[in-house]
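To start, the structure under review is shown below, and the notes come after it.
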Amino acid sequence: MMDSGDGPPEPIRNLRKTMTRTLRNFDSAGEDQLTSAVGGAGEDGVFDPPARERPADGNWPQRECLSFTRSLVFYGNGSITTEHEEAAKYIEEARAMRKKYYDGHGVKCALEKQKLNRNSTGSSDTVDKVKTVMFDDSVEKAVDEMKTAAAGKEEAPIHLEYVFGPDGVVEIYQSSDFRRTKNLVQVPSLSDFVDDYQRLVEMSSSGAMRSFCFQRLQLLDSAFKMHVTINGTLENEAKSDLLGTDFYRTMKIDNHIHLAAAATAKQFVDFVRDKLENEGDTVVMEDGQTLKQVFEKAGLDSDHLTIDAFNVLADYSVYQRFDNFNSKYSPFRMAQMRKIFLKTDNHINGRYFAELTKIVLSRHEQRKGHTSACEMRLSVYGMERNEWLNVAKWVLTDWKGGIYPGNMLSSRNRWMVQIPRLWRVYCKKGGGVSFQNMLENLFIPLFEATLYPEEHPEVAELLNNIVGIDSVDDEGCLEAPLAYDKPSSWTQEENPAYSWQLYYLWANLEVLNRVRKSKGLHTIAFRPHAGETGDTMHLAATYMLCRSINHGINLDKQVSLQYLYYLDQVGMSISPLSNNFLFRKIGTNPFPKLFKRGLNVTLSTDDPLLFHMSDDALLEEYSVARASFDLSMTDMSEIARNSVLQSGFEADLKEEWLGKNFRKGLTHCDEDKTHVPLIRAKFRAEHLALEHLMVTLLAAGKGKMVLEQMMNQFGEARNGIRDILFSNMAEVPNFPEQNQL
């Protein structure tokens, strides 16, 4: 997947940069000076100041100068076996698969970055810098004016054309390649993916890999417990020294929130009551019914406008029941109400939905209670070709009414698009439709808008404000086994395999991103739902294909994949309150386990309308998690920082929220901005780098040689510690085990 790549650097390479810094020398006055036996010191032979001091020039000092208590495992005989080496080779093979798909190493791309011409929407700026297209009653006039303005300028040649290939993946050709002989972007084929996926499942299920990964995860668990036991007080003192900031003032991003349920039940009820009282005569239905008449026909009046009567809050009836969960989106169990208030395609063009959404966004923009932002999901189903255009018009319309007029772009929100896996619905349209038709509805508008933006200005502008694609639905639904079927041949009612559907979303998005990158446009990340329920091996597919996922709570059932997610720091946006009502009670939620082990996890709300009681759903999620999982304020700040790293917000904003050098790794995030003490960041970075080193050495067959050297070094270190202890005691007391030291 082509994306911004704002994550931490490759751990081993980063560790090697710091390994040459060696000796800390203590003089008689007790002050420490840093020198280097290999290099890296300044001209005077002295390193930068200790890490908690900010130099006058504003550049962060060397991270390895920080002193805190480390726990160290003294490896001995039996700690490295032939089975461990076999497991490490499996891990390296699995990581190579991720590089092949997600990192794009297996993609053959002959596109060169093109010089932007006059009809290219080449700006990757969003929200504050976009030129908004205005859509109201004169939509066609506005579009015609844009086309006329474009036609008045000198024509530039169209360099690229697309064809939706017979294998279900878009092909890109030079416009001069009439015979279509050279596809400029070739992704790994379905057969490649199926073979690789099945190989990953096989490796992850092997006894050797499961045992090794379980052992490493247990050691990470123990290391964190020891760290907070020994260094917890030091971390708290460090946080106290970070003046001018605290948890409430650091940025927290709700990475996973569905637009239709973004308002809490209280906000929704208050909004509906206001509309019924002040806009009761507004025609809201195609048959001419007013809002007041819709309520009267249903036997409802203002007395029914209570949270209990709306019946939208989740309860015991939705546990393990996605059908009941979906029905909660309809107030009073009336589909009409959902269409009037929570849909973009209705008689009032989604005006109420827009006004309600702006009330939710206003809390983020006005920083009520704390500093936060969000990434809301718009829905595109693939049922019709014009869905992208309709969504674009809704987002870009200059809405005149409500408390907050204007379009739907916000400095505190970046839009994502969720694609529900609804083949079982689409296939009932009849007429011999295939899964290929659904893919064409989803992706042809995107390629048209990217290649010919002057002809599709609305969708082109929308894409400038989309940062990610999500795939959603009940993972527990029955699905067909993964096979080599082409989308054009999939016409039966049976749901295709989850991993099969994800492959085709990834493949077409990968091609689209290559084209967008060649035109100087920003790329769109693939961040689907995975591991909420259903087959645990769904998480194998997302490991291969995706930048990050939503949920992932099934990862605690598969230690091999869990360790892979740790090594590659695959983002996971988890929603414990949502899980509590749907699939996993909060007392058994794996979030605290995954967090302590060092996986890249954060908290999100999912569906505030159904799960949250206050107006600030994100702060409620953090508060419940802190109480339920016994999280410290350092933990809370670390989780908030992860939300920014996982997000699709622009790099300049991440620099504002994380620090200028955040791309270099966790230890380079500015603790004055993240409120995460450098001690915690250093602990995480060191353990991640050491795990990478361990796996790499074992896979290379150097484990036993390194173990022998480590045992010698550990023995010398143990003897040195003993000598220091005894040499500083006037008289060594007698005790039975003295000679064992």
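The values are calculated or read from the model by the stated rules, or taken from the named source; none is laboratory data. Note that this is a predicted model, so its numbers are computed, not measured. Cβ sites come from the backbone with ideal geometry, for glycine too, and all protein chains shown count toward neighbours.
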Every listed condition ((1) surrounded by 23 or more Cβ atoms within 10 Å (Cβ to Cβ); (2) of a type outside the set (F, W, Y); (3) closer than 23 Å to K343 by Cβ) holds for A460 save (3)
S578 meets each of (1) modelled with pLDDT under 95; (2) in contact with a Pro (Cβ under 8 Å, 6 or more places away or on another chain) with one exception, condition (2)
Quick count over the range 507-535, residues being under 22 Å from I574 (Cα atoms) and under 19 Å from the mean Cα position of the chain (by Cα), is 10
Contact list, first residue from the range 473-488 and of a type in the set (S, T, Y), second anywhere and exposed (fewer than 13 other Cβ atoms within 10 Å of the Cβ), beta-carbon distance below 9 Å, six or more apart or interchain, is Y484/S191; S488/P166
Among the residues in the range 439-457, are any in contact with a His (Cβ under 7 Å, 6 or more places away or on another chain), part of a strand (DSSP E or B) and either of a type outside the set (F, W, Y) or buried (at least 18 other Cβ atoms within 10 Å of the Cβ) (or both)? no
By residue number, the members of the range 597-621 that are surrounded by fewer than 24 Cβ atoms within 10 Å (Cβ to Cβ), closer than 19 Å to R377 by Cα and under 17 Å from the mean Cα position of the chain (by Cα) are none
**Request:** Evaluate the range 175-187: report whether one residue or more is closer than 30 Å to R367 by Cα and touching a strand residue (DSSP E or B) at 6+ places or on another chain (Cβ under 7 Å).
**Result:** no
Considering the range 513-552, residues that are small (G, A, S), touching a strand residue (DSSP E or B) at 6+ places or on another chain (Cβ under 9 Å) and not in a helix (DSSP H, G or I), and then whichever is surrounded by the fewest Cβ atoms within 10 Å (Cβ to Cβ), we arrive at A525
Expected single match for acidic (D, E) and within 28 Å of M226 (Cβ to Cβ) among D670, D606, D652, D616 is D670
The one condition I469 fails out of (1) outside any helix (DSSP H, G or I); (2) surrounded by fewer than 24 Cβ atoms within 10 Å (Cβ to Cβ) is (2)
Here the qualifying pairs (Cβ atoms under 6 Å; residues six or more apart or on different chains; first in the range 390-411 and assigned to a helix (DSSP H, G or I); second hydroxyl-bearing (S, T, Y) and buried (at least 20 other Cβ atoms within 10 Å of the Cβ)) come out as W394/T344
Scanning the range 330-384 residue by residue, the ones that are assigned to a strand (DSSP E or B) and within 17 Å of S604 (Cβ to Cβ) total 7
For helices (runs of 4 or more DSSP H) lying entirely in the range 184-280, having 1 or more residues that are in contact with a Gly (Cβ under 9 Å, 6 or more places away or on another chain), surrounded by 14 or more Cβ atoms within 10 Å (Cβ to Cβ) and touching a residue at least 40 places away in the same chain (Cβ under 8 Å) picks out 190-205, 207-240
Only one of D470, D398 is at pLDDT 95 or above, touching a strand residue (DSSP E or B) at 6+ places or on another chain (Cβ under 9 Å) and of a type in the set (D, E, K, R), namely D470
Worksheet item: What do you reckon, is G571 at positive phi and modelled with pLDDT of 95 or more?
Response: no
